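Colleague: Take a look at the following structure, please.
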Amino acid sequence: MGIEFIRSRGGKPYAKRWADGLDRTKSPQLIGMELAGESRTITAVLTPGGAPKTGVTVLVQATGAGDLLIYDGLKAVARIAAPPAGVTANVTQHHGMIQAVVERVGGLGQTVELRLK
């Protein structure tokens, strides 16, 4: 059953079928995947009554205490108590505010995952 079955069902000899495949494996576009720019995902704790929807663009704003508040419109929906230094630097670089997209809203842990733009 192995190679004889493949040769009898394929129509072309097995070696010829893979001749072009060998050239494709040597090309840099083998998988055809384009890597996008780096994005950072952070987790925030929802405030009472805060429930943003998945896919919504929110605003991440730095506070004077070093925390980050997440706003959906004019309503604060989440807070990051101790953000990583890279995220804080990114927000500070953009004058204290940056946009993010809600990736996932957790039901049990009352958390939300945000992807910074």
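Colleague: Do we have Arg115 as in a strand (DSSP E or B), among the charged types (D, E, K, R) and in contact with a Ser or Thr (Cβ under 6 Å, 6 or more places away or on another chain) here?
Modeller: yes
Colleague: Same structure, new question: Out of the residues in the stretch 77-96 that are crowded, with 16+ Cβ neighbours inside 10 Å and of a type outside the set (S, T, N, Q), which is nearest to Arg115 (Cα to Cα)?
Modeller: Checked the stretch 77-96; the qualifying residue nearest to Arg115 (Cα to Cα) is Val87.
Colleague: Identify all residues within the stretch 37-49 that are under 17 Å from Val87 (Cβ atoms) and in a loop (DSSP other than H, G, I, E, B); write none if there are none.
Modeller: Gly37, Glu38, Ser39, Arg40
Colleague: Moving on. Of all residues in the stretch 98-117 being under 15 Å from Ile42 (Cα atoms) and more than 19 Å from the chain's Cα centre (by Cα), which is surrounded by the fewest Cβ atoms within 10 Å (Cβ to Cβ)?
Modeller: Gly109
Colleague: If Gly66 satisfies every condition in (1) at pLDDT 70 or above; (2) within 30 Å of His94 (Cβ to Cβ); (3) out of contact with any Ser or Thr (no Cβ under 8 Å at 6 or more places or on another chain); (4) of a type in the set (Gly, Ala, Ser) but one, which is the exception?
Modeller: Among (1) at pLDDT 70 or above; (2) within 30 Å of His94 (Cβ to Cβ); (3) out of contact with any Ser or Thr (no Cβ under 8 Å at 6 or more places or on another chain); (4) of a type in the set (Gly, Ala, Ser), Gly66 violates only (3).
Colleague: So, Pro52, is that one surrounded by 10 or more Cβ atoms within 10 Å (Cβ to Cβ), part of a loop (DSSP other than H, G, I, E, B) and modelled with pLDDT under 90 or not?
Modeller: yes
The values are calculated or read from the model by the stated rules, or taken from the named source; none is laboratory data. All figures in this text were calculated on a predicted structure; none of them were measured in a lab. No Cβ is skipped: glycine too gets one built from the backbone with ideal geometry, and neighbour counts run over all protein chains shown.
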